Amino acid sequence: MSNQLNVTVPEGAPFIDFTREFDFPVAAVFEAHRDPEIVAQWFGPNNMKMEVDHYDFHSGGSYKYTHSDETGNYVFTGVFHTVRENEFAIQTFEFDGYPDVVAMDYIRFETLENNRTRLVGHSVYPTQEARDGMAASGMEVGLSEGYARLDALLSSR
């Protein structure tokens, strides 16, 4: 599996886009985003442990989880505004290290030929500064490593 993460950080725009393909059906990739026990196994950078406080992946649900490593704990919270099974999710994303800076994240699950999936993500930030901070935070590495673990997890099922 050599599916590359493609991240676009447009100059002067307060958003980040990404795409990533998977060699698995949409239903499997969607379920791996919905089930908190599965999410905890793949989401985030390789060097961090993830603990889920709650993760209710449905319209009107919310989440709170902590990533931790030797440097500390990093808490993330948000609300799932709209979730359509096997189609898309719209959610907020907030890091406790930058309170009141809330991103709006959109993710689409697209069916490809041969029972494959393309994820298409779009994250909008309240300011250019907030977007630039996210782009510089290592988020691309975290996404890439997490999705590689998701590939391995789905392959083992």
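What the table shows:
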| read-out | value |
| --- | --- |
| Where Glu51 falls short, out of the listed (1) outside any loop (DSSP other than H, G, I, E, B); (2) over 19 Å from Ser156 (Cα atoms); (3) touching a residue at least 24 places away in the same chain (Cβ under 8 Å) | (3) |
| Region 12-36 - residue that is out of contact with any strand residue (DSSP E or B) (no Cβ under 8 Å at 6 or more places or on another chain) and farther than 18 Å from Phe88 by Cα and, of those, surrounded by the fewest Cβ atoms within 10 Å (Cβ to Cβ) | Gly12 |
| Residue ID - nearest to His58 (Cα to Cα), chosen from residues in region 1-42 that are in contact with a Phe, Trp or Tyr (Cβ under 6 Å, 6 or more places away or on another chain) and part of a strand (DSSP E or B) | Arg20 |
| Set Thr92, Thr77, Thr111: member being of a type outside the set (Phe, Trp, Tyr) and surrounded by 16 or more Cβ atoms within 10 Å (Cβ to Cβ) | Thr77 |
| Subset of region 58-108 [on the phi > 0 side of the Ramachandran plot and outside any strand (DSSP E or B)] | Gly60, Asn86, Asp100 |
| Residues located in region 121-143, provided they are modelled with pLDDT under 95 and either among the polar types (S, T, N, Q) or touching a Lys or Arg at 6+ places or on another chain (Cβ under 7 Å) (or both) | Ser137 |
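The values are calculated or read from the model by the stated rules, or taken from the named source; none is laboratory data. Keep in mind that what you see is a predicted model, and the values were worked out from it rather than measured. Using ideal geometry, Cβ is built from the backbone for each residue, glycine included, and neighbour counts are taken over all protein chains shown.
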